[in-house]
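Peer 1: Dumping the structure here so I can ask a few things about it.
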Amino acid sequence: MKNQTALEVHNLTASYQRKPVLWEIDFKVPSGHLIGILGPNGSGKTTLLRNIMNLMEADSGYVKIFGKDLDEVRSRLSYVPQRESVDWNFPASVREVVEMGRYRPGNLLRRLKSSDKQKVKASLEKVGMLAYADRQISELSGGQQQRVFIARSLAQEADIYLMDEPFVGVDAATEEAILSILSGLRDEGKTVLIVHHDLQSAYQYFDWMILLNTRLIAAGPKEAVFNSTHLREAYGGKLNLLSKLGEIIAREQFPLREPDFKEKEGSGDE
Ligand SMILES: Nc1ncnc2c1ncn2[C@@H]1O[C@H](COP(=O)(O)OP(=O)(O)OP(=O)(O)O)[C@@H](O)[C@H]1O
Ligand SMILES: [Mg+2]
């Protein structure tokens, strides 16, 4: 169902060693959108996903998935962690890694059916890694490993996909292929949240955006979020170094609006 609330983050504050790295984050994401999570290094993007996945305890606030706690709907979520945080030396073949996407909590010992195996195969094919199915994951290049993790996520057939910088280390053709898969999921009504650090491509890639810098700068349809006021607030003086904002503005010709998103909260389709 498009535009029901898929994800709600309410007044979330989270810390490492008592130092808050997310501060009173509050937004709702409607289903059926491809959403970019943007912000400078250290702005809390990964921490936000970890909180959504209940991988760390928040100081305050809560996260609801389709109005429920994560434990009730865990199998409807799929998470691809940031590359650096994965131990790529664990002994498993490419196929076994993707098969993990077909197991459900509480059902770990069941044997995979042939329909599961088909799904695994189709997912590997989608990311162009079927030919590597019998290789050890540790023996692949960084970009190939990333593609296998994305295949595992696709095999899960979730309703919400959370991916932390999935395009890091993949070549341009693969990036385009993965983006088209993710857009396809969105078109099927799935909700796809992607941490992305490239401002140059962000406006083209996503229809919704969440802009972070410890605090929430803005969340909503990209036209309301991606403007110079918000980007300066998020990136500050680093913006000139990171990207040529002027060029992006000229190229995309997005309307320069005041931060007035509140009135549109919860609706992605105007
Ligand atoms: N395990 C940890 N222990 C202590 N501090 C941490 C830990 N993980 C992250 N931090 C700190 O929390 C802040 C937010 O980190 P986070 O990884 O969420 O940022 P990010 O936006 O994902 O950055 P990047 O773009 O570099 O991936 C940073 O200041 C970081 O140093
Ligand atoms: Mg990160």
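Peer 1: Of all trypsin sites (Lys or Arg not before Pro) in region 51-125, which ones are in loop regions per DSSP and have a Cβ with at most 11 other Cβ atoms within 10 Å?
Peer 2: 110, 111, 113
Peer 1: Now, a different point. Output needed for region 39-149: three equivalent-ellipsoid semi-axes, defined as square roots of 5 times the C-alpha gyration tensor eigenvalues, in descending order, whole Å.
Peer 2: Over the Cα atoms of region 39-149, the ellipsoid semi-axes are 28, 20, 12 Å.
Peer 1: Give the accessible surface of region 162-212 per residue, rounded to a whole number of Å², with probe radius 1.4 Å and ligands, DNA and RNA excluded.
Peer 2: Result: 33 Å² of accessible area for each residue.
Peer 1: Post the alpha-carbon centroid distance, region 1-22 to region 191-222, in whole angstrom.
Peer 2: 15
Peer 1: Using 18 Å as the cut-off for backbone N distance, which residues of region 19-59 belong to the label zone defined by a point 7 Å from the Cα of residue 90 along Cα→Cβ?
Peer 2: Only 50, 53-56 fall inside the zone, counting backbone N under 18 Å.
Peer 1: Given a 1.4 Å probe, how much area per residue of region 1-98 is accessible, in Å²?
Peer 2: 48
Peer 1: Sort all Cα-Cα distances of region 59-215 into consecutive 5 angstrom bins from zero, then give the percent of pairs in each bin up to the one containing the longest distance.
Peer 2: In order of increasing distance, the bins hold 2, 8, 17, 21, 21, 15, 10, 5, 1, 0 percent.
Peer 1: Shifting gears a bit: Mind giving me the nanometre distance, one decimal, between the label points for residue 41 and residue 59, set 7 Å out from Cα along Cα→Cβ?
Peer 2: So the two model labels end up 2.4 nm from each other.
Peer 1: Another question about this same structure. Heavy atoms only, probe 1.4 Å: what % of the accessible area of region 1-139 goes to carbon and sulfur, would you let me know?
Peer 2: Within region 1-139, the accessible surface is 46 percent carbon and sulfur.
Peer 1: Where in region 148-207 are there GluC sites (Glu not before Pro) that are in a DSSP coil and have at most 10 other Cβ atoms within 10 angstrom of their Cβ?
Peer 2: 188
Peer 1: May I pose another question? Mark the label point 7 Å from the Cα of residue 82 along Cα→Cβ and return the residues of region 28-49 whose backbone N is within less than 20 Å of it.
Peer 2: Residues 35-49 fall inside that zone.
Peer 1: As an exercise, identify the GluC sites (Glu not before Pro) in region 35-125 lying in DSSP coil whose Cβ has no more than 11 other Cβ atoms within 10 Å.
Peer 2: Taking region 35-125 and a limit of 11 other Cβ atoms within 10 Å, the loop GluC sites (Glu not before Pro) found are 57.
The values are calculated or read from the model by the stated rules, or taken from the named source; none is laboratory data. Because the structure is predicted, anything quoted here is derived from the model rather than measured. Methodologically, a virtual Cβ is constructed for each residue, glycine included, from the backbone with ideal geometry; neighbour enumeration extends over all protein chains shown. Ligands, DNA and RNA are excluded from the accessible area calculation, which covers all protein heavy atoms including side chains. Shrake-Rupley method; radii C 1.70, N 1.55, O 1.52, S 1.80 Å.
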